[in-house]
Amino acid sequence: MKLSEILSGISDLKAKGNVDIDIANIAYDSRKVTPESLFVAVTGYDSDGHDYIQEAIQRGAAAILLENVNKIRDIVLPEDVTFIVTTNTRYALAIASCNFYKNPSRRFKLIGVTGTKGKTTTTYMIKTLLEAQNKKVGLIGTIENYIGEESLGESERTTPESLELQRMFAQMVEEKVEYVVMEVSSQALKLNRVTGCHFDIGVFTNFSKEHISQKEHSDMEEYFNSKMKLFEMCQTGFINIDDFRGARVKKEAKCQVKTYGIDNACDLLAKDITITNIGVDFKAKLSDKNERIKVDIPGRFSVYNSLAAISVALYYGCSPEIIKTALETIKIPGRSELVPNKKELSIMIDYAHSPESLENILQAVKTYTKGRVIVVFGCGGDRDKTKRPIMGEIAGRIADYSIVTSDNPRTEDPEAITKDIEEGISKTKGKYEVIVDRRQAIEKAISMANKKDIVILAGKGHEPYQEINHQKYPFDERLIVKDIINNMK
């Protein structure tokens, strides 16, 4: 493709060299540059692509797209390499990627789901309902990426970088995917990863304190405004009207809006709700009559996620009977996931890693557990430190016994993280102890539980690893639980 075609739609460009050259590849990682590549120098939190321009040239880059001209003042610029300057290379990378892959998101229905929590469950539910209606569906999200039942591999982040995203979309077009449902993180919206995408539908699940840190969002308002960008890009929005920001989303959205909820008047209302230790059931009006819906995922939040998925399915013409049947069978990895074991203990793995999600899961199980609620949890390193004592206070207030441990410490000292959590939990009357080693913490929780109790392993969910100092070590809690129980006397 001609470089000029790839750059089409990017208005603020200044070029030195020939823009009618052929480009065979786009890369923002200099190690992936091949001859006839366009190298896009992106400034990241930990590294700066401008520092690798010389390497990209040596590897055969035919064109360089950059935003910081000061970075090339000491570089000898080859005459046969085209240099293009823009004000925002992240934005430019997204538009260039769309052009290079021929705007694949225009050739299927794209459904974006955003919110602090519930994105993964909701996207899996939507995929399940559409597939039950014999639609071919792609999924992009936190756990894995799929075309139908074919896995495209585990995800490195909730929403891929724009280049990888458009490449994946193009593959889905080749395989005749009709619908793509994807998690759209606030970071993806802020950093232009989904810029240029043609969203048919946007879903807003909820909004709560999360992702406030140096590498994420500066404050809650910026976090919220990042999420709102999705509703400037889609044609129709489905909004959880019960959420405290739901009314604002509805008011400020630039698209047509439909609502769902439990407590407030809305387009799709759940009523007569029953929550048990194995799931929820409720009534909702599908088509022209109220139907009883059953979902084997416990908790009030499960009703909201189901309503979001049902709203999308009805929009695309799925039949009430298919919706009811499909929801009864759905299972989501790492979301309220019960781990089968030979001791028949109730052990649940859940991705709860924010104050609100931890409170939701603990309150949900508290309502139906006959014995004690024992929770094992920590907080991720290099993330919002202010939530640590809040989560400690929540666990101490709701759980019968808490074991504070390590999560993904990343580059932080795990003991320093647990001390931050202790500041909150020590203010409650809740019983707790600190065991920094997560496997030992899980072992302790299991050893003290009986069949009436429930053990919640919170924070890791589907993740099969623990991240320490930029390395990911194998840590699949399903396998760890099985190993611990098999070695118990």
Matching residues in segment 452-466 - criterion: being open to solvent by 40 Å² or more (accessible area, probe 1.4 Å) and in contact with a Gly (Cβ under 8 Å, 6 or more places away or on another chain):
Lys452
Tally up the residues in segment 371-394 that are in contact with a strand residue (DSSP E or B) (Cβ under 9 Å, 6 or more places away or on another chain), more than 22 Å from Gln440 (Cβ to Cβ) and not in a helix (DSSP H, G or I), please.
5
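Has segment 166-176 got at least one residue that is in contact (Cβ under 8 Å) with a residue 24 or more places away in the chain, of a type in the set (Gly, Ala, Ser) and surrounded by 21 or more Cβ atoms within 10 Å (Cβ to Cβ)? Break it down into steps so the answer makes sense when it comes.
Kept after step one, since they are in contact (Cβ under 8 Å) with a residue 24 or more places away in the chain, are these residues of segment 166-176: 166-173, 175-176.
Checking the rest, the ones that are also of a type in the set (Gly, Ala, Ser) come to 170.
Among the residues that remain, those that are also surrounded by 21 or more Cβ atoms within 10 Å (Cβ to Cβ) are: none.
Looking for residues that are in contact (Cβ under 8 Å) with a residue 24 or more places away in the chain, of a type in the set (Gly, Ala, Ser) and surrounded by 21 or more Cβ atoms within 10 Å (Cβ to Cβ), one finds none in segment 166-176, hence no.
Among the residues of segment 45-69 satisfying the criterion of being without any contact (Cβ under 8 Å) to a residue 24 or more places away in the chain and farther than 17 Å from Ile26 by Cβ, which is surrounded by the fewest Cβ atoms within 10 Å (Cβ to Cβ)?
Initial filter on segment 45-69 (without any contact (Cβ under 8 Å) to a residue 24 or more places away in the chain): 46-48, 50-54, 58, 69.
Retained after the next criterion (residues that are farther than 17 Å from Ile26 by Cβ): 46-48, 51, 54, 58, 69.
Working: Asp46: 6, Ser47: 11, Asp48: 14, Asp51: 12, Gln54: 16, Gln58: 11, Val69: 11.
In this case the residue turns out to be Asp46.
Across segment 391-441, which residue is least open to solvent (accessible area, probe 1.4 Å) among those that are among the β-branched types (Val, Ile, Thr) and either more than 18 Å from Leu358 (Cα to Cα) or in contact (Cβ under 8 Å) with a residue 60 or more places away in the chain (or both)? Quick ask: steps written out before the conclusion?
Taking segment 391-441 as the starting set, the residues that turn out to be among the β-branched types (Val, Ile, Thr) are 394, 398, 403-405, 411, 417-418, 421, 425, 428, 434-436.
Next cut, either more than 18 Å from Leu358 (Cα to Cα) or in contact (Cβ under 8 Å) with a residue 60 or more places away in the chain (or both) only: 411, 435-436.
Details: Thr411: 66, Ile435: 27, Val436: 46 Å².
Filtering first and then ranking leaves Ile435.
Here is a check on your reading of the model: is Thr274 exposed (fewer than 15 other Cβ atoms within 10 Å of the Cβ) and of a type in the set (Ser, Thr, Tyr)?
yes
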Residues that are touching a strand residue (DSSP E or B) at 6+ places or on another chain (Cβ under 8 Å), open to solvent by 10 Å² or more (accessible area, probe 1.4 Å), of a type in the set (Gly, Ala, Ser) and assigned to a loop (DSSP other than H, G, I, E, B): does segment 292-303 have at least one?
no
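Using the structure shown, decide if Glu161 is in contact (Cβ under 8 Å) with a residue 60 or more places away in the chain and either closer than 16 Å to Arg106 by Cα or among the hydrophobic types (A, V, I, L, M, F, W, C) (or both).
Values: in contact (Cβ under 8 Å) with a residue 60 or more places away in the chain: yes; either closer than 16 Å to Arg106 by Cα or among the hydrophobic types (A, V, I, L, M, F, W, C) (or both): no.
So Glu161 does not fit the description; no.
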Within segment 353-370, can you find the residues that are part of a loop (DSSP other than H, G, I, E, B), open to solvent by 50 Å² or more (accessible area, probe 1.4 Å) and within 21 Å of Glu433 (Cα to Cα)?
His353
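The values are calculated or read from the model by the stated rules, or taken from the named source; none is laboratory data. Everything numeric in this text was worked out from a predicted model, so none of it was measured. Glycine gets a Cβ as well: all are built from the backbone with ideal geometry, and neighbour counts include every protein chain shown. What goes into the accessible areas is simple: the full protein's heavy atoms, side chains included, and nothing from ligands, DNA or RNA. Shrake-Rupley method; radii C 1.70, N 1.55, O 1.52, S 1.80 Å.
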